[in-house]
Amino acid sequence: MPAVLVAACFIGGCSSFLPAAGPTASAVAEGADIATDQGLLARYEIVDVDAAVVEALRGRPLDSLLASFGDRRPSVQPVIGVGDAVTVTIWEAGSGGLFSAPMMGGMSTGSKSSSIPEQIVARDGTISVPYAGRIKVAGKRAPDVQAQIEQELAGKAIQPQVLLTVNSPLSTSVTVLGEAAAAGGGARLAAASRGGPVSNLGGGRVPLTEKGDRLLDVIATAGGVSAPVNETFVRLSRGSTTATVPLTAVVSNPRENIFLRPGDTLTLVRDPQTFLAVGATGANFEIPFSAEGITLAQALAKSGGLRDFQADPAGVFVFRFEPASVVRRLRPNSPLVSSNFVPVVYRINMRDPNSLFVSQAFRMRNRDLVYVSNAPFTEVQKVLSVFSTVTSPIASGASLYSATR
């Protein structure tokens, strides 16, 4: 009786109840649509990969700093802002003035200048200068403020000459976060390069220079990146706009190396690029790219290739969520393009020799899932193994019965 039941199961497709690493190739194809009371409901799109599909995927939209922030010109000349630390030094033409040392026994001490201690620009945008009162400095360039102070001191000091130094230009700085090697140290070096004393600007502020600084300039000033370049992403926020691009894209495309603006927030994010290998491959786990980008052929090699006695060469799939704009190019009439991201299953038939070329051009994306289904004969072997397991005791019993008679 058990043998009869196993045989019936084999004929009726009982293999679907046996252990498996995933669906068969036919199950993946048939599962794209599911029957409902209203008819067939699309769950994902199946796309057979060929040269045309590979070419269409090359146009997959990616974030662009240039497209997101537009203007490629350097920022205007920095001005003094609220929160900046400034120092004012005043020279006079002769001794005995308001800011020069007095005459001692008819002899001059030689000092004809005085430095006002460093002060922070107040919220009302002013600083205090003795004998000149509160001076409005916010929104002005240093030379303009110098001229204003000289004008206020005229007739009080002896031909005054003023030098204003911005020691900590917080208002014209960029905040650097994340995987920067030494943001604080780089900021202090930048402050020193301005000619002022080195002061602690905080752990992530990098002041912009007079010439204008591009994104890579600011990263270099912050000490570079501590993570591998191919695993680092640049996330730039300006006002209500945020864009994220791979650092390799900025390095390889000078147009993406845009000028930064005061108040920008630059975050260096480490995001290792990986894919998942599942099914009849040599290894089933998460595998890092270990490079700027890899192809499907490289991904299969990294996962140990297809298992000779288990894999179905016609059942190699890549599961991925694609932007709706990409799916419109591949499947213009797809009912799923109403969503922002569409589940897509790319199917590659490795029995076709041309697929070896196609797999070398098909680019993998971060978090892709590569699935290789079992060959149909593998399922037959499982059923025969179960059949053998059940019938073996019966055969052994029959042999023992015959021997004892």
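The values are calculated or read from the model by the stated rules, or taken from the named source; none is laboratory data. These numbers come from a predicted model, not from an experiment. Cβ placement follows ideal geometry from the backbone for every residue including glycine, while neighbour counts extend to all protein chains displayed. SASA here: full protein model, heavy atoms, side chains in, ligands and nucleic acids out. Shrake-Rupley method; radii C 1.70, N 1.55, O 1.52, S 1.80 Å.
Listed values, structure above:
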{"quantity": "Ile219 being outside any loop (DSSP other than H, G, I, E, B), surrounded by 18 or more Cβ atoms within 10 Å (Cβ to Cβ) and assigned by the TED database to the domain that holds Gln360", "calculated": "no"}
{"quantity": "Subset tally (residues that are at pLDDT 90 or above and of a type in the set (Asp, Glu)) for the range 12-46", "calculated": "1"}
{"quantity": "Set Val49, Val6, Val54: member being at pLDDT 80 or above and in contact with a Ser or Thr (Cβ under 8 Å, 6 or more places away or on another chain)", "calculated": "Val49"}
{"quantity": "Single condition Gly139 does not satisfy, out of (1) in contact with a Leu (Cβ under 9 Å, 6 or more places away or on another chain); (2) in the same structural domain as Ala122 (by the TED database); (3) of a type in the set (Gly, Ala, Ser)", "calculated": "(1)"}
{"quantity": "Leading residue by the ranking (surrounded by the most Cβ atoms within 10 Å (Cβ to Cβ)) among those in the range 354-367 that are under 12 Å from Leu300 (Cβ atoms) and in contact with a Phe, Trp or Tyr (Cβ under 8 Å, 6 or more places away or on another chain)", "calculated": "Met364"}
{"quantity": "Residues being open to solvent by 20 Å² or more (accessible area, probe 1.4 Å), at pLDDT 50 or above and in contact with a strand residue (DSSP E or B) (Cβ under 7 Å, 6 or more places away or on another chain) - total across the range 181-204", "calculated": "1"}
{"quantity": "Odd one out for Pro335, checked against (1) more than 19 Å from Leu57 (Cβ to Cβ); (2) of a type outside the set (Lys, Arg); (3) without any contact (Cβ under 8 Å) to a residue 40 or more places away in the chain", "calculated": "(3)"}
{"quantity": "Answer residue from the range 222-249, given it is of a type in the set (Ser, Thr, Tyr) and not in a loop (DSSP other than H, G, I, E, B) and is least open to solvent (accessible area, probe 1.4 Å) among those", "calculated": "Thr232"}
{"quantity": "Test for Ser128: is it among the small types (Gly, Ala, Ser) and open to solvent by less than 10 Å² (accessible area, probe 1.4 Å)", "calculated": "no"}
